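Student: Questions regarding the structure given below will be posed in turn.
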Amino acid sequence: MIETGRLSAINPAREAPQFTPELLQQLAQRVSLFGERAAQTLYSPFDGGVLGVIPICISEDVQLAVERARSAQSAWARVDTRARARIVLRFHDLLLERQAEILDLTQYETGKARRDAQEELLDSAIVAQFYATRSPGWLRPRRTGGTFVGLTQTWEYRHPVGVVGVISPWNYPLVMAVSEPIPALMAGNAVVLKPDPQTTFTALWVQALMEEAGLPPGLFQVVTGGAEVGEALVATADFIALTGSTPTGRKVARQAGERLIGVSLELGGKNPMLVLEDANLEAAVDGAIHGAFANAGQLCVSLERIYVHEKIFDAFARRFVEKTSALRLGATLDHRSQMGSLTVQRQFDTVRAHVQDAVAKGARVLTGGRPRPDLGPLFFEPTILTDVTPEMRVYSEETFGPVVSLYKFSDVEQVLALINQSEYGLNASVWTKDLGKGRALASRIQAGTVNINESYAAAWASMDATMGGFKASGLGRRHGKEGLYRFTEVQTIAIERFVPVTGPTWLPRGWYGRIVTAALKALKWLSRWWYRV
Ligand code: NAD
């Protein structure tokens, strides 16, 4: 029997944050509005104290923001891609210069630990550098071959779609305000961002910094509010990039379908970790802790179910519980705390309900399982469950919190079938010393990203490779070329040379068919030789 551990608590933040109430007031004035609006007070999950007040938009404000964005966009589309890149690279440098301010603000808005805020900064800087330097080449008109060599000259042009609406959740506010807008802007679009109300200040901070870096005013707008404001944006923008839950993804897809606009949907997950018999045990335990408890588990790619081979299950469980029990929890602006708070009340309620439901139906809590009001209103202990069965909510529903279930397995084929039974398919993690076997298994897991001997960051940070979900975890991809191209309309321009592909009018009857048949045979022969098929 494994003992429930004792988590060390750290006193709430004593040091003053780098941002001031005046800065928050100035930021709130940047919200796109027609006039006076109702205000919402935002509270910090760190200590429950008031963070600031933001106005909440109505649908007319969204229309105004989209109109303003649209008029700024037509000039932006003509700006050379290298000039766009210079602005984004200046933004990159400013971000690094001002990091103390934004790290504090993000922590106050979300309650996350310093390390998790730092991951946001890292990711945002990488995205800015990546798309600024790659987009000019990728957006150049691309010469392609016509069907018959020499008959046509053909190019593909990439045009901006217009106004991209970005709708985002509260879990990674800096990443969300940077990583979708930047490729959209690099492709020549304007952006209207609707963050979750809880993390509005970070979004406005990013908007202000982009303008300081040289982005034309009006090109990047922020609107505030909940689902109805999101719906108003889907009703007017030219493309929607949503990061959110699967039920919201379905609603947005339906609404976008009516308007025949494009969407990319980055949705939920129930991400598995598979620990094979030959895995490096200590590394796998550390990977499990990072994968399950980074950002207090409020991470789309977070690991929520861990399958461990029976031969190492007991040793793995013992070390995992020991190390999890020793995690330091607290609200600090430095690195003393290893796990922070949950961010919003409804998420806290879901986490508690999942644990209570599992325990009531017979699951065992190996460590954690309790709220920690002594640390802050929304703190919840990192929790490891075992004996979890299909009737429990935590078995198949996304928890999106610091709760992970441990399962023992003996047969790889059976465990693969269990892993792939989920309606989700976002991220997975495989641990083994046999990298060939790891890759072969990974390719059989239905998930958009699979990390070998790592939990989520290896694939996420591989910026040149795509990131997104199979099945109910989403549609479309962020990162890589696809992450840029989804924000473009592609146009084919072809010039006819010498004779028409449909045949010259002066050919005697019957000859066209004979010539085309001979040409098609030659084309097949040449293509097979060229492509080695
Ligand atoms: P949510 O779906 O409730 O809200 C996300 C955003 O959508 C918010 O800004 C919200 O106001 C807006 N929204 C809600 N209903 C809408 C509607 N009908 N039309 C338009 N906009 C609407 O999600 P949440 O609970 O705030 O965030 C957590 C979820 O996000 C989790 O399921 C998590 O897995 C997912 N997520 C996914 C990724 C990813 O990359 N796949 C990343 C982070 C979070």
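The values are calculated or read from the model by the stated rules, or taken from the named source; none is laboratory data. These figures come from a predicted structure and were not determined experimentally. Because the Cβ atoms are built from the backbone with ideal geometry, glycine has one as well, and the counts that use them run over all protein chains shown.
Student: Anything in the stretch 320-368 that is touching an Asp or Glu at 6+ places or on another chain (Cβ under 7 Å) and over 20 Å from Q298 (Cα atoms)? List them, or say none.
Tutor: Matches in the stretch 320-368: K361, G362, A363, R364.
Student: Now for a different question. List pairs: first in the stretch 235-248 and in the same structural domain as A187 (by TED's automatic domain parsing) and at negative phi, second among the charged types (D, E, K, R) and more than 9 Å from the ligand (Cβ to nearest atom), Cβ under 6 Å, 6+ apart or cross-chain?
Tutor: Partner pairs satisfying both residue conditions: A241/E180.
Listed here are the residues, each with its yes/no results for (1) more than 26 Å from the chain's Cα centre (by Cα); (2) buried (at least 17 other Cβ atoms within 10 Å of the Cβ).
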| position | (1), (2) |
| --- | --- |
| L23 | yes, yes |
| L27 | no, yes |
| V31 | no, yes |
| F34 | yes, no |
| A39 | yes, no |
| S44 | no, yes |
| G49 | yes, no |
| I58 | yes, yes |
| D61 | yes, yes |
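Student: Can I ask one more? Just need a number here: residues in the stretch 456-508 that are within 15 Å of the ligand (Cβ to nearest atom) and of a type outside the set (K, R).
Tutor: Pass one, the stretch 456-508, residues within 15 Å of the ligand (Cβ to nearest atom): 456-457, 459-463, 465-480, 482-483, 486.
Of the ones still in play, those that are also of a type outside the set (K, R) are 456-457, 459-463, 465-470, 472-476, 479-480, 482-483.
Within the stretch 456-508, residues that are within 15 Å of the ligand (Cβ to nearest atom) and of a type outside the set (K, R) number 22.
Student: Within the stretch 50-58, does at least one residue satisfy the condition of being assigned to a helix (DSSP H, G or I) and under 19 Å from P181 (Cβ atoms)? Can you show your working first?
Tutor: First pass over the stretch 50-58, keeping only residues assigned to a helix (DSSP H, G or I): none.
So far as the stretch 50-58 goes, no, none of its residues is assigned to a helix (DSSP H, G or I) and under 19 Å from P181 (Cβ atoms).
Student: Quick one: what pairs do we get from the stretch 472-490, first residue at negative phi and surrounded by 19 or more Cβ atoms within 10 Å (Cβ to Cβ), second hydroxyl-bearing (S, T, Y) and at pLDDT 95 or above, C-beta under 6 Å, 6+ apart or different chains?
Tutor: From residues that are at negative phi and surrounded by 19 or more Cβ atoms within 10 Å (Cβ to Cβ), the pairs are A472/T246; A472/Y424; S473/Y424; R477/T466; L484/S135; R486/S264.
Student: Consider A77 against the criteria (1) in contact with a strand residue (DSSP E or B) (Cβ under 6 Å, 6 or more places away or on another chain); (2) of a type in the set (A, V, I, L, M, F, W, C); (3) crowded, with 19+ Cβ neighbours inside 10 Å: it satisfies all of them except one. Which criterion is unmet?
Tutor: Unmet for A77, out of (1) in contact with a strand residue (DSSP E or B) (Cβ under 6 Å, 6 or more places away or on another chain); (2) of a type in the set (A, V, I, L, M, F, W, C); (3) crowded, with 19+ Cβ neighbours inside 10 Å: (3).
Student: Same structure, new question: Consider S462 carefully, then state whether it is hydroxyl-bearing (S, T, Y) and buried (at least 21 other Cβ atoms within 10 Å of the Cβ).
Tutor: no
Student: Right, another one. Only one of (1) over 18 Å from the mean Cα position of the chain (by Cα); (2) outside any helix (DSSP H, G or I) fails for R254. Which number is that?
Tutor: Unmet for R254, out of (1) over 18 Å from the mean Cα position of the chain (by Cα); (2) outside any helix (DSSP H, G or I): (2).
Student: Moving on to the next point. Is it the case that W205 is more than 16 Å from the chain's Cα centre (by Cα), away from the ligand (no atom under 13 Å from the Cβ) and closer than 16 Å to E109 by Cβ? Explain how you work it out, then say what you get.
Tutor: On the way: more than 16 Å from the chain's Cα centre (by Cα): yes; away from the ligand (no atom under 13 Å from the Cβ): yes; closer than 16 Å to E109 by Cβ: yes.
Against the criterion (more than 16 Å from the chain's Cα centre (by Cα), away from the ligand (no atom under 13 Å from the Cβ) and closer than 16 Å to E109 by Cβ), W205 qualifies.
Student: In addition: Select, from V415, V403, the only residue that is buried (at least 24 other Cβ atoms within 10 Å of the Cβ), in contact with a strand residue (DSSP E or B) (Cβ under 6 Å, 6 or more places away or on another chain), on the phi < 0 side of the Ramachandran plot and assigned by TED's automatic domain parsing to the domain that holds R319. Explain how you work it out, then say what you get.
Tutor: Values: V415 fails: buried (at least 24 other Cβ atoms within 10 Å of the Cβ).
Checking each option against the conditions leaves just V403.
Student: A further question on this structure: When you look at L103, is it of a type in the set (A, V, I, L, M), closer than 30 Å to P500 by Cα and at pLDDT 95 or above, yes or no?
Tutor: On the way: of a type in the set (A, V, I, L, M): yes; closer than 30 Å to P500 by Cα: no; at pLDDT 95 or above: yes.
Answer is no for this residue.
Student: Of the numbered conditions (1) hydrophobic (A, V, I, L, M, F, W, C); (2) under 16 Å from V178 (Cα atoms); (3) in a strand (DSSP E or B), V88 satisfies every one except a single condition; which is it?
Tutor: (3)
Student: State yes or no: is E482 among the acidic types (D, E), modelled with pLDDT of 95 or more and closer than 30 Å to R158 by Cα? Give the steps one after another, and end with the answer.
Tutor: On the way: among the acidic types (D, E): yes; modelled with pLDDT of 95 or more: yes; closer than 30 Å to R158 by Cα: yes.
When the stated conditions are applied, E482 passes them.
Student: If a residue must be without any contact (Cβ under 8 Å) to a residue 24 or more places away in the chain and exposed (fewer than 13 other Cβ atoms within 10 Å of the Cβ), how many such residues does the stretch 491-514 contain? Steps first, please.
Tutor: From the stretch 491-514, those without any contact (Cβ under 8 Å) to a residue 24 or more places away in the chain are 500, 502-514; that's our starting set.
Okay, now just the ones that are also exposed (fewer than 13 other Cβ atoms within 10 Å of the Cβ), so 500, 502, 504-506, 508-511, 513-514.
Selection size over the stretch 491-514: 11.
Student: Report, by residue number, each residue of the stretch 416-440 that is under 24 Å from L267 (Cα atoms) and assigned to a helix (DSSP H, G or I).
Tutor: Within the stretch 416-440, L416, A417, L418, I419, N420, Q421 qualify.
Student: Considering only strands (runs of 3 or more DSSP E) fully contained in the stretch 126-203, which possess at least 3 residues that are crowded, with 24+ Cβ neighbours inside 10 Å and in the same structural domain as R259 (by TED's automatic domain parsing)? Give the derivation first.
Tutor: Working: elements: 142-145, 152-160, 163-167, 190-194.
Those strands (runs of 3 or more DSSP E) span 163-167, 190-194.
Student: Among the listed residues R478, R497, R393, R486, identify the single one that is of a type in the set (K, R), touching a helix residue (DSSP H, G or I) at 6+ places or on another chain (Cβ under 6 Å) and more than 19 Å from V275 (Cα to Cα).
Tutor: Numbers: R478 fails: touching a helix residue (DSSP H, G or I) at 6+ places or on another chain (Cβ under 6 Å); R497 fails: touching a helix residue (DSSP H, G or I) at 6+ places or on another chain (Cβ under 6 Å); R486 fails: touching a helix residue (DSSP H, G or I) at 6+ places or on another chain (Cβ under 6 Å).
Checking each option against the conditions leaves just R393.
Student: Would you point out the residue of the stretch 229-261, among those that are near the ligand (Cβ under 8 Å from one of its atoms) and out of contact with any strand residue (DSSP E or B) (no Cβ under 8 Å at 6 or more places or on another chain), that is nearest to C57 (Cα to Cα)?
Tutor: E231
Student: For the stretch 378-387, name all the residues that are more than 23 Å from G48 (Cα to Cα) and either in contact (Cβ under 8 Å) with a residue 60 or more places away in the chain or within 14 Å of the ligand (Cβ to nearest atom) (or both).
Tutor: Matches in the stretch 378-387: I384, T386.
Student: I would also like to ask the following. Tell me, which residue of the stretch 330-357 that is within 16 Å of the ligand (Cβ to nearest atom) and of a type in the set (A, V, I, L, M) is surrounded by the fewest Cβ atoms within 10 Å (Cβ to Cβ)? So that I can check it myself, show each step before the final result.
Tutor: Residues of the stretch 330-357 within 16 Å of the ligand (Cβ to nearest atom): 341-354.
If we keep only those that are of a type in the set (A, V, I, L, M) as well, we get 342, 344, 351, 353.
Values: L342: 30, V344: 21, V351: 25, A353: 14.
Within the stretch 330-357, the match that is surrounded by the fewest Cβ atoms within 10 Å (Cβ to Cβ) is A353.
Student: Going by the conditions given, is A279 more than 8 Å from the ligand (Cβ to nearest atom), within 27 Å of S429 (Cβ to Cβ) and not assigned by TED's automatic domain parsing to the domain that holds R90?
Tutor: On the way: more than 8 Å from the ligand (Cβ to nearest atom): yes; within 27 Å of S429 (Cβ to Cβ): yes; not assigned by TED's automatic domain parsing to the domain that holds R90: yes.
When the stated conditions are applied, A279 passes them.
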